[in-house]
Amino acid sequence: MLVAVALRHTDPRAGADPLTGRIHRDPYAGGASPADRCALEHALRLARTLDARCLAVTVGGAEADPLLREALAAGADEVLRVEGADDDGASTARSLYDGLVARGGPLPEVVVCGDRSTDRGTGTVPAYLAHLTGASQALGLTALTTENGELRATRRLDAGRRELLALTLPAVCSVERSGVRLRRAALPATLAARRADVPVVTVSTAPDAAVTAGPPRPYRPRPRVLPAPRGREPRERLLALTGAGAPPRDPPRVATPDTPAEAAGLLLDYLRERSYLP
């Protein structure tokens, strides 16, 4: 059995371009986020109780090697660095999945992730990864335990409530930065991890041909098609355009459709009456 922890090399002082949204990072100032460190501790505990191996994996360049060596020092059995697309949650999840497949061997039964990275992450990687692997997903977790060989989780809810989950395997779990702290690595393990080789696989994520992105541009609403004003004289056409002297407009009405199809029909009829649709 294999338990994997997906780590992310992040810069806590990363900045974002206000126009393009592109993230600027310092490759030498990054490390694991507090949520990822909690995820690593959860994965190490699960691997011990399930008698499994623990794999730490990340997507990034050579600057992420110290992050993986820290995981080795803490007790991970093996590490893997994936060189691939890391532009958004979907591409990161695809790179992780392709890297695990290219590694060979069975895919992990449990994948633990941090719920959100410190570089303004959206927290969508666990959802995309669960979709790619066909696994169940549990998010916002504060605890991960095992009971009779089955996976149990505690999820935080509003108003101080908690939800207890029984997870079926395979599962992708995203944990919060609370509940546990990453263990302190022993000195011999830290020294051995510094000399360890970090396996690297390179994957190429083909862009989605159905999506075409153009350059950024300001929003321009769709022009509204208006009928030509009636009347032979300029005064009559001016009155028709301005609505001066016209009877009061129809008062607003409240629609209470019984079905979604009826509600959609009312909206389409309104748009056609106002010449927004042909």
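The values are calculated or read from the model by the stated rules, or taken from the named source; none is laboratory data. Note that the structure is a prediction, hence the values are computed from the model and not measured. Counting neighbours? That spans all protein chains shown, and the Cβs are built from the backbone with ideal geometry, glycine included.
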Q) Out of all the residues in the stretch 17-30, is one or more under 23 Å from Ala196 (Cβ atoms), at pLDDT 80 or above and of a type outside the set (A, V, I, L, M, F, W, C)? A) no
Q.
I'm told Ala159 meets every condition in (1) at pLDDT 85 or above; (2) hydrophobic (A, V, I, L, M, F, W, C); (3) more than 22 Å from Arg45 (Cβ to Cβ) except one. Can you identify the failing condition by its number?
A. (1)
Q: Can you run down the residue pairs with Cβ atoms below 8 Å, 6 or more apart or on separate chains, where the first is in the stretch 84-102 and over 20 Å from Gly21 (Cβ atoms) and the partner is among the aromatic types (Phe, Trp, Tyr) and buried (at least 18 other Cβ atoms within 10 Å of the Cβ)?
A: none
(Q) Considering only residues that are surrounded by fewer than 15 Cβ atoms within 10 Å (Cβ to Cβ) and either at pLDDT below 85 or polar (S, T, N, Q) (or both), which ones fall in the stretch 170-195? (A) Ser178, Arg181
Q.
Go through the stretch 119-163 and report how many residues are in contact with a strand residue (DSSP E or B) (Cβ under 8 Å, 6 or more places away or on another chain) and of a type outside the set (A, V, I, L, M, F, W, C).
A. 19
Q.
Would you confirm whether or not the stretch 167-180 contains a residue that is over 23 Å from the mean Cα position of the chain (by Cα) and either farther than 25 Å from Ser33 by Cα or among the polar types (S, T, N, Q) (or both)?
A. no
Q: Name, by its number, the condition in (1) within 14 Å of Leu129 (Cβ to Cβ); (2) surrounded by 22 or more Cβ atoms within 10 Å (Cβ to Cβ); (3) in contact with a helix residue (DSSP H, G or I) (Cβ under 9 Å, 6 or more places away or on another chain) that does not hold for Ala74.
A: (1)
Q: Check Pro215, Pro221, Pro251 and return the single one that is more than 30 Å from Thr20 (Cα to Cα), out of contact with any Phe, Trp or Tyr (no Cβ under 9 Å at 6 or more places or on another chain) and not in a helix (DSSP H, G or I).
A: Pro251
**Q.** Candidate set: the stretch 38-67, residues that are touching a residue at least 60 places away in the same chain (Cβ under 8 Å), crowded, with 22+ Cβ neighbours inside 10 Å and not small (Gly, Ala, Ser); chosen: the one nearest to Arg177 (Cα to Cα)
**A.** Cys38
Q | strands (runs of 3 or more DSSP E) contained in the stretch 122-200 and holding at least 2 residues touching a Gly at 6+ places or on another chain (Cβ under 6 Å) and not polar (S, T, N, Q) | A | 150-156
Q.
Can you confirm whether Leu100 is at pLDDT 85 or above, over 15 Å from the mean Cα position of the chain (by Cα) and on the phi < 0 side of the Ramachandran plot?
A. yes
